[in-house]
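Heads up: the structure comes next, in structure tokens.
The values are calculated or read from the model by the stated rules, or taken from the named source; none is laboratory data. Keep in mind that what you see is a predicted model, and the values were worked out from it rather than measured. Neighbour counts are summed over all protein chains in view; Cβ atoms, including those assigned to glycine, are modelled from backbone coordinates with ideal geometry.
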Amino acid sequence: MADMHFYEPADGHGLAHDPLNAIVAPRPIGWVSTLSADGVRNLAPYSFFNLFNYRPPIIGFCSVGWKHSVANAKDTGEFVWNLATRDVAEAMNTTSTTEQVDEFAFSGLEQAASRLVKPGRVAASHVQFECRTSQVVQLADASGGAIESWLVLGEVVGIHIDRDLIVDGVYDTAKARPIMRGGGRGDYFEPGEKFEMFRPR
């Protein structure tokens, strides 16, 4: 067996940098657009994001701290997820600003109208999910104590896919060049080598 570094997170990791988000990596990016109840646009990337169910499709993102995306998704009941790809990576990164601005305007990104929800889509994104908020859950630790992090879950009610990414009726994940969050201060990844493995019967 390998020589293992062990630590209890409550006591600190004892390393130069917290390894947690580098171990659980790469992670898809929740690039979320919302509207406030007053109609103010917001666009922000979240590294805690994933797909949680097929039928109905449920996706979710988690915000460390109560931020505009959470408040807007809760107040209006709607949000849009936009696929972050290599060609829009720099613009996506710009939308992570903590300045109180319209991130679409700040990043120079064009907004496209959604069909079923009010928040707009990132026009340059190759895939977008229109969502209706199904749950907003404040996380808790093992003893039941509330944590200042909120998980926002939403039912996907409409999906937009760039037709160029559909090859012989199959969505081509690698062709889209999605970027994923790694650990460290600024580590990102895009798909590398593909291999197939099928479940046993």
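Below, the figures for the structure above:
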item: Matching option when the condition is closer than 18 Å to V70 by Cα and free of Cβ contacts under 8 Å to residues at least 60 places away in the same chain, among V136, V117, V170, V152; result: V117
item: The stretch 176-201 residues that are over 25 Å from H17 (Cβ atoms), paired with ones that are surrounded by 10 or more Cβ atoms within 10 Å (Cβ to Cβ) and among the charged types (D, E, K, R) (beta carbon under 6 Å, 6 or more apart); result: R177/R86; R177/E190
item: Condition check for S36: in contact (Cβ under 8 Å) with a residue 40 or more places away in the chain, out of contact with any Gly (no Cβ under 9 Å at 6 or more places or on another chain) and either closer than 27 Å to V127 by Cα or not hydroxyl-bearing (S, T, Y) (or both); result: yes
item: Flag for D102 being surrounded by fewer than 16 Cβ atoms within 10 Å (Cβ to Cβ), charged (D, E, K, R), modelled with pLDDT of 95 or more and touching a strand residue (DSSP E or B) at 6+ places or on another chain (Cβ under 7 Å); result: no
item: Unmet criterion (only one of (1) outside any loop (DSSP other than H, G, I, E, B); (2) surrounded by fewer than 18 Cβ atoms within 10 Å (Cβ to Cβ); (3) within 17 Å of the chain's Cα centre (by Cα)) for T97; result: (1)
item: Any hit, the stretch 162-173, residues being surrounded by 11 or more Cβ atoms within 10 Å (Cβ to Cβ), assigned to a loop (DSSP other than H, G, I, E, B) and either of a type outside the set (D, E, K, R) or in contact with a Leu (Cβ under 8 Å, 6 or more places away or on another chain) (or both); result: yes
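Okay, residues lined up against (1) surrounded by 16 or more Cβ atoms within 10 Å (Cβ to Cβ); (2) part of a strand (DSSP E or B):
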residue: H17; (1), (2): no, no
residue: N21; (1), (2): yes, no
residue: T34; (1), (2): yes, yes
residue: A37; (1), (2): no, no
residue: N50; (1), (2): no, yes
residue: C62; (1), (2): yes, yes
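Table: residues versus (1) assigned to a strand (DSSP E or B); (2) at positive phi; (3) among the β-branched types (V, I, T); (4) crowded, with 20+ Cβ neighbours inside 10 Å.
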site	(1), (2), (3), (4)
M4	no, no, no, no
A25	no, no, no, no
L43	yes, no, no, yes
I59	yes, no, yes, yes
A73	no, no, no, yes
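Every residue, every condition in (1) among the aliphatic types (A, V, I, L, M); (2) surrounded by fewer than 16 Cβ atoms within 10 Å (Cβ to Cβ); (3) under 11 Å from I58 (Cβ atoms), yes or no:
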{"position": "L116", "(1), (2), (3)": "yes, yes, no"}
{"position": "P119", "(1), (2), (3)": "no, no, no"}
{"position": "V122", "(1), (2), (3)": "yes, no, no"}
{"position": "R132", "(1), (2), (3)": "no, no, yes"}
{"position": "Q135", "(1), (2), (3)": "no, yes, yes"}
{"position": "A140", "(1), (2), (3)": "yes, yes, no"}
{"position": "I147", "(1), (2), (3)": "yes, yes, no"}
{"position": "L153", "(1), (2), (3)": "yes, no, yes"}
{"position": "H160", "(1), (2), (3)": "no, no, no"}
